[in-house]
1. Any residue in segment B:105-114 that is crowded, with 16+ Cβ neighbours inside 10 Å, modelled with pLDDT of 65 or more, touching a helix residue (DSSP H, G or I) at 6+ places or on another chain (Cβ under 8 Å) and not in a helix (DSSP H, G or I)?
2. Out of curiosity, is residue B:46 in a helix (DSSP H, G or I) and crowded, with 23+ Cβ neighbours inside 10 Å?
3. So which of A:59, A:92, A:36 ends up being more than 16 Å from residue A:186 (Cβ to Cβ) and modelled with pLDDT under 50?
4. For residues in segment B:28-41 being more than 7 Å from every other protein chain (Cβ to nearest Cβ) and in a helix (DSSP H, G or I), which is surrounded by the fewest Cβ atoms within 10 Å (Cβ to Cβ)?
5. What are the pairs, 6+ residues apart or on separate chains, where a residue within segment B:35-54 that is on the phi > 0 side of the Ramachandran plot has its Cβ under 6 Å from a residue that is at pLDDT below 90?
6. Which residues, taken from segment B:1-26, are more than 9 Å from chain A (Cβ to nearest Cβ), within 20 Å of the chain's Cα centre (by Cα) and either surrounded by fewer than 16 Cβ atoms within 10 Å (Cβ to Cβ) or touching a residue at least 60 places away in the same chain (Cβ under 8 Å) (or both)?
7. Restricting attention to helices (runs of 4 or more DSSP H) lying wholly within segment B:129-201, give those where 2 or more residues are modelled with pLDDT of 90 or more, buried (at least 21 other Cβ atoms within 10 Å of the Cβ) and over 14 Å from the mean Cα position of the chain (by Cα).
8. List the number of the failed condition for residue B:84; all other conditions in (1) at pLDDT 90 or above; (2) touching a strand residue (DSSP E or B) at 6+ places or on another chain (Cβ under 9 Å) hold.
């Protein structure tokens, strides 16, 4: 569920530790404090504390990043089934190796057991245009971003088009015939 | 006082936005430091951190063992960072353990902004360290300080290597300061002042 790439994760060699099931590979968080190794020299701790102070001054977490993190909670869609990312040509190692420039068409797939999304993305500067194909659902498709959404109609073949979408995070939501909504995982376009 | 992340996570899964905000308070600094440790620009780092929180939202109702939340967040943001680097064709940057000969998009973090010249010297010395050292120290600098378990998964290194590597990187930092003629906390009375002669290194 947390691993978006069932066929092997091309981005990281290690799977994401799954917080939904027990996993012995990653130790539980220590409760003893931030530095759970006791042999650190005091002068090292002091130097690191100074670095932390300088870092807080030079590279603090931007306010907008904190606001976005809080706002993420409002994007929770508790009724929707999650369609996982199954392919992304932009992070597929083979596709990346073949790629000459970053300005080519990007193809992204999401799926559940019954619904599939094929998204073809064409960059146009800071904007994106999308040609999509949805199987297993019909009717409207909602194109959601963290700041809003728009609704497009799927045609008879399950296709939809989106133009002038700002680059950034997006997800798609449909309601299949069964009536249970499906939303894709977020992806950065 | 830091609230128990397990309780916060359960409360957030139940719809408590205050609990969610407390989780953000506790871990956003860590996520930011990890993204910056990958030398992502402000915009890319912000994107990776935001995506990580959205991924947690997606998984909130499926969590049964929240004790590894920090590790999960750290791994997720690490993966988002690598994804950003891969999409932009910069993934090789983190493969090189020693070279810093490529422009850092995270610049300018302008040391000129610092009033305290010793702090500026410290930051300049930090920027001269090998990439791996900078990355580790940047994550260890996060506020509030992360657990070693979270640091280990964030950087994909064994927990047991963090202490020794930290010590080695800080030693190199001191050496760099000395070599550049910058005195480390030269003012008397500073708790983090110069290392006394004969101190273990």
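The values are calculated or read from the model by the stated rules, or taken from the named source; none is laboratory data. Quick caveat: nothing in here was measured; it's all calculated off a predicted structure. With ideal geometry, Cβ positions are generated from the backbone for all residues, glycine too; neighbour counts draw on all protein chains shown.
1. Filtering segment B:105-114 for residues crowded, with 16+ Cβ neighbours inside 10 Å gives B:106, B:109, B:111, B:114.
This time we only want the ones that are modelled with pLDDT of 65 or more, so: none.
No, every residue in segment B:105-114 fails to be crowded, with 16+ Cβ neighbours inside 10 Å, modelled with pLDDT of 65 or more, touching a helix residue (DSSP H, G or I) at 6+ places or on another chain (Cβ under 8 Å) and not in a helix (DSSP H, G or I).
2. Numbers: in a helix (DSSP H, G or I): yes; crowded, with 23+ Cβ neighbours inside 10 Å: no.
It is false that residue B:46 is in a helix (DSSP H, G or I) and crowded, with 23+ Cβ neighbours inside 10 Å.
3. On the way: A:59 fails: modelled with pLDDT under 50; A:92 fails: modelled with pLDDT under 50.
None of the other options fit; the residue is A:36.
4. Per the stated criteria, the residue is B:30.
5. Every condition considered, the pairs that remain are B:39/B:104; B:39/B:106.
6. B:2, B:26
7. Working: elements: B:131-140, B:148-155, B:159-179.
Helices (runs of 4 or more DSSP H) meeting the threshold: B:159-179.
8. For residue B:84, the exception is condition (1).
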